[in-house]
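Read the figures in this text as sums done on the coordinates, not as results from a lab. Source: prediction; values computed, not measured. Glycine gets a Cβ as well: all are built from the backbone with ideal geometry, and neighbour counts include every protein chain shown.
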Amino acid sequence: MVTNPMHQFEVHRIGPEIKIAGVDLSFTNSSLFMFFSAVAICGILFLGTKEKKLIPDKFQLISEMFYNFIAKMINDTAGSKAKPYFPFIFSLFMFVLFCNMLGMLPYSFTVTSHIIITLLMAIFIFIAVTVIGFLKHGFGYLKLFVPSGVPIVLLPLITIIEIISYLSRPVSLSVRLFANMMAGHTMLKVFGGFVISLGMLGGWLPLSFSVALTGLEILVAFLQAYVFAILTCIYLNDALNLQH
Amino acid sequence: MADFNDFKTRLKIAKDKLRNNSINTNNNGNNSFMGNAFKLGTELVAAVVVGTIIGFILDNWFDTKPWLIILFFFLGSIAGILNVIKVAKRMQEKD
């Protein structure tokens with residue numbers, strides 16, 4: 001049972017069962033690792049900003065690097081108009097990054113390997129961006145679905161295609177993160193299982209593969225958090241600076 | 001005075017080093033390349049999935065099984081390809 005590669009994705013209850021109005025709100029291992037990553041983020045940022053030294057210590061350096069990284073990313077992709085949304089994108093990036101990275105520790109649980117979590121975040125972003133777009137441009141935001149320079153005959157078809165492409169945003173955003181995390185962790189577990197079943201003689205090859213995959217997975221964990229944040233910036237850019 | 005000149009050359013060397021480093025980090029586009037590669041695949045699939053789901057829902061509404069699901073599958077595919085073209089264009093703009 002332990003070598004079942006999907007076993008690591010099971011959500012189970014920790015502590016008592018809590019049911020409010022028929023909805024199961026019990027504390028699970030998923031909630032535990034969300035809590036861990038939130039605590040880790042707050043801890044690092046708190047330690048980093050406690051005293052502002054001219055020559056930063058490790059925590060201050062890390063916090064400043066995160067800040068600069070996100071600030072530069074928002075500035076490059078969405079322009080200066082997106083500055084007010086910095087806190088949101090920063091927390092989003094940090095949460096996804098820490099959930100991915102904590103999932104890389106042995107015996108831990110990867111929160112972002114469940115599609116419900118990533119889909120929830122993606123749908124929230126999708127709705128928020130749509131609302132921001134309508135607030136900034138009124139019904140002019142609908143111009144996003146009507147590209148300029150299209151013949152009248154083709155316009156209904158193009159509009160439907162544009163709407164489908166707009167609606168596909170949350171799906172692609174969430175599936176990308178979820179699929180990458182789940183596939184990577186499954187692969188790690190499968191190779192780990194090979195090491196055990198091949199034993200001392202043949203186990204070295206999958207073991208070396210496993211080591212290489214762990215490195216790759218750490219890269220993917222960072223990259224997916226980055227892609228998630230940068231796509232949010234791109235969508236925000238579409239809503240703030242209407243173009244077509 | 002010799003000390004001062006010495007300091008100047010050392011500062012110049014250090015600045016050059018910094019400049020080279022920053023150029024290196026700019027060229028280090030491998031990461032975003034891989035990110036883009038991940039992006040393209042899901043972008044293509046997601047639009048097809050969304051199109052098919054819309055077709056399925058509309059079919060249930062208007063009782064026109066299976067025509068709308070077929071139509072929207074193709075529209076979704078077109079949207080997916082369009083998405084990929086958009087992302088690719090954005091990638092080229094960056095370079």
field: Per-residue mean of C-beta atoms belonging to partner chains within 10 Å, peptide A:174-181
entry: 3
query: Hey, got the dipole for the protein assembly as shown? About the Cα centre, +1 on K and R Cβ, -1 on D and E Cβ, debye to the nearest 20?
result: 900 debye
task: Give me the angle, in degrees from 0 to 90, between the Cα long axis of helix A:204-240 and the longest principal axis of the Cα atoms of chain A, rounded to the nearest 10.
output: 20 degrees
- line: Between the Cα axis of helix A:29-49 and the main Cα principal axis of chain A, the angle (0 to 90°, nearest 10) is 70 degrees
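Ranked highest first by average number of other Cβ atoms within 10 Å, how do A:98-106, A:119-127 line up? Present the calculation step by step, with values, prior to reporting the outcome.
Numbers: A:98-106: 19.0, A:119-127: 17.4.
The packing order, highest mean first, is A:98-106, A:119-127.
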Options A:197, A:55, A:179, ranked by Cα towards positive dipole end of the protein assembly as shown, top entry (Cβ charges): A:55
query: Which trypsin sites (Lys or Arg not before Pro) in segment A:1-67 pass both tests, a DSSP loop state and at most 15 other beta-carbon atoms within 10 Å?
result: A:50, A:52, A:53
query: How far is helix A:115-137 tilted, in degrees, relative to the longest principal axis of the Cα atoms in chain A, given as a value from 0 to 90 rounded to the nearest 10?
result: 20 degrees
- prompt: What's the tally of Lys pairs in segment A:7-240 whose alpha-carbon atoms lie under 25 angstrom apart, where the two lysines are 8 or more places apart or on different chains?
  reply: 14
message: Inside 10 Å of the C-beta atoms of B:76-85, what's the mean count of C-beta atoms belonging to other chains?
response: 4
- request: Determine the calculated [θ] at 222 nm for chain A from helices alone, applying -39500 (n - 2.57) to every DSSP H run no shorter than 4 residues and normalising by the residue count; nearest 500 deg cm²/dmol.
  value: -24500 deg cm²/dmol
- prompt: When Cβ neighbours within 10 Å are restricted to other protein chains, what is their mean count per residue of peptide B:45-56?
  reply: 5
message: Just to confirm my numbers, what's the Cα centroid distance between segment A:15-66 and segment A:68-130 in Å?
response: 14 Å
